[in-house]
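Take a look at the structure below.
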Amino acid sequence: MLYLDNSATTQVHPEVKDVMLPYLMEQFGNPSSKYYSYAENAKNAVKDARKSLASLLGCTDSEIIFTSGSTESNNMIIKGVADYYFSHGNHIITSKVEHPSVLETCKYLETKGFEISYLDVDQFGRIDTEALINEIRETTILVSLIWGNNELGSFNNMEAISAICLKKNVFLHTDATQVISKVEIDLSNYPGLTFLSFSGHKFHGPKGIGGAFIRKDRYDLLTKITPLLHGGGQEQGIRSGTLPVHNIVGIGKAAEIADNHISNNINKLIELENYLTDLLKEKFKGHIIFNNDNQKKIPGIISVQFKGVNNEMLVKKLSPIIAASTGSACSSSKPSHVLAAIGLSIDQVRSTIRFSMSSFLRKEDLDVFKQL
Ligand code: PMP
């Protein structure tokens, strides 16, 4: 089976599995307990994992807050900012191509009296920075824009967006779920970016673990937000709950691997993407149209229309040999809002398939397409 749905989830790296197992068995302690070795070992393992994530992102260890994944991080940050800064303003800016965990959170906030601007995007799913500038008001408290799109791969211009938010003194959050390990990120270069969400299972870590970067302010204190989960005060009081040490160790290892191999990973994904693009062009000629452009995008994601073919039927038909998807796994029951936002007709949306690769693949694996 050729697995080409790595934007939905990835296989756990064997080294990740190996480092996790002891924390399910012998080293099962609670890192919030004290003195005895099970607890201290767990605490140190969490500390090391946090360090690996901070190194991957270019921030400090204490700016990493572990959560269950990006859905939670997106909810925590958007609702947390909305609640904490309500007295400063009730306006939030996002875009039409965000993940449902951002869009549905914003829709929920609309029912609570917030005003949300949903920015339009261009033909590849990128927002226009001038439109962002024009949309920022006195009452704007947060801008939340995806870094790299999960269906098309397109990057927003995060550097420019960060500079705009810094200048306008508005918090910026980005959903970076799909770009971790595929883009070199050094958060010290994005001073206007205050919040970022990430998720372990998108970069060969385990499911059920992710986190948020929350920038420290000039007094060296984490930017304040209202916690989503109140309780025992773990994660600096922002995200209470006993830490899943095995998962944290796993995401830490995945981050370390990503950090050590990032340029190889990017190059491999570019190579695989080019190879698959050429194979598809050769095989299907005028019967396909690519929705994505091939620059300023996450390497290894291809979105392609098979003219006149129903995408659900095609994905099903391919499923014994190729695992692909019609788009995001999180909104697979509805036609893609992302493809609609870039101006595709319903027929074009319903004929689009996403192939997403991982550097676990070999080029030869893709030759399966030749036999279709
Ligand atoms: N944001 C984006 C862009 C995603 O692709 C996903 C996963 N489909 C999520 C958020 C949600 O992540 P998680 O599965 O960790 O909740």
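Collect the residues in the stretch 190-218 that are under 20 Å from Lys168 (Cα atoms) and assigned to a loop (DSSP other than H, G, I, E, B), keeping them in residue-number order. Show your work before the answer.
Step one: filter the stretch 190-218 for residues under 20 Å from Lys168 (Cα atoms), giving 190-196, 214-218.
The answer is Tyr190, Pro191, Gly192, Leu193, Thr194, Arg215, Asp217, Arg218.
Buried (at least 24 other Cβ atoms within 10 Å of the Cβ) and either within 13 Å of the ligand (Cβ to nearest atom) or within 20 Å of Lys296 (Cα to Cα) (or both), is that true of His204?
no
Can you report the number of residues in the stretch 17-41 which are more than 18 Å from Glu256 (Cβ to Cβ) and in contact with a Pro (Cβ under 7 Å, 6 or more places away or on another chain)?
Of the residues in that region, 1 qualify.
For the stretch 331-345, give me each residue that is modelled with pLDDT under 95 and surrounded by fewer than 21 Cβ atoms within 10 Å (Cβ to Cβ).
Of everything in the stretch 331-345, those that are modelled with pLDDT under 95 and surrounded by fewer than 21 Cβ atoms within 10 Å (Cβ to Cβ) turn out to be Ser331, Ser332, Ser333, Lys334, Pro335.
Across the stretch 173-194, what is the number of residues that are buried (at least 24 other Cβ atoms within 10 Å of the Cβ) and closer than 17 Å to Ile136 by Cβ?
The qualifying residues number 4.
Restricting to the stretch 91-121, name every residue that is β-branched (Val, Ile, Thr) and open to solvent by 10 Å² or more (accessible area, probe 1.4 Å). Give the steps one after another, and end with the answer.
From the stretch 91-121, those β-branched (Val, Ile, Thr) are 92-94, 97, 102, 105, 111, 116, 121; that's our starting set.
Of everything in the stretch 91-121, those that are β-branched (Val, Ile, Thr) and open to solvent by 10 Å² or more (accessible area, probe 1.4 Å) turn out to be Thr111, Ile116, Val121.
Output the residues belonging to the stretch 61-76 that are part of a helix (DSSP H, G or I) and either of a type in the set (D, E, K, R) or near the ligand (Cβ under 7 Å from one of its atoms) (or both).
Narrowing the stretch 61-76 to residues part of a helix (DSSP H, G or I): 61-63, 70-76.
Within the stretch 61-76, Asp61, Glu63, Ser70, Thr71, Glu72, Asn74 meet the criteria.
Taking Ser328 and the conditions (1) of a type in the set (S, T, N, Q); (2) closer than 30 Å to Glu72 by Cβ; (3) open to solvent by 60 Å² or more (accessible area, probe 1.4 Å), which numbered condition does it fall short on, given that it satisfies the others?
(3) is the only condition that Ser328 fails.
A quick yes/no check of all residues on (1) surrounded by fewer than 17 Cβ atoms within 10 Å (Cβ to Cβ); (2) under 28 Å from Ala82 (Cβ atoms):
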| site | (1), (2) |
| --- | --- |
| Gly241 | yes, yes |
| Val245 | no, no |
| Ile248 | no, yes |
| Asn264 | yes, no |
| Glu271 | yes, no |
| Tyr275 | no, no |
| Asn291 | no, no |
| Lys307 | yes, no |
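The values are calculated or read from the model by the stated rules, or taken from the named source; none is laboratory data. Small disclaimer: the values here were computed from a predicted structure and weren't measured. Because the Cβ atoms are built from the backbone with ideal geometry, glycine has one as well, and the counts that use them run over all protein chains shown. Accessible surface areas use protein heavy atoms only, side chains included; no ligands, DNA or RNA. Shrake-Rupley method; radii C 1.70, N 1.55, O 1.52, S 1.80 Å.
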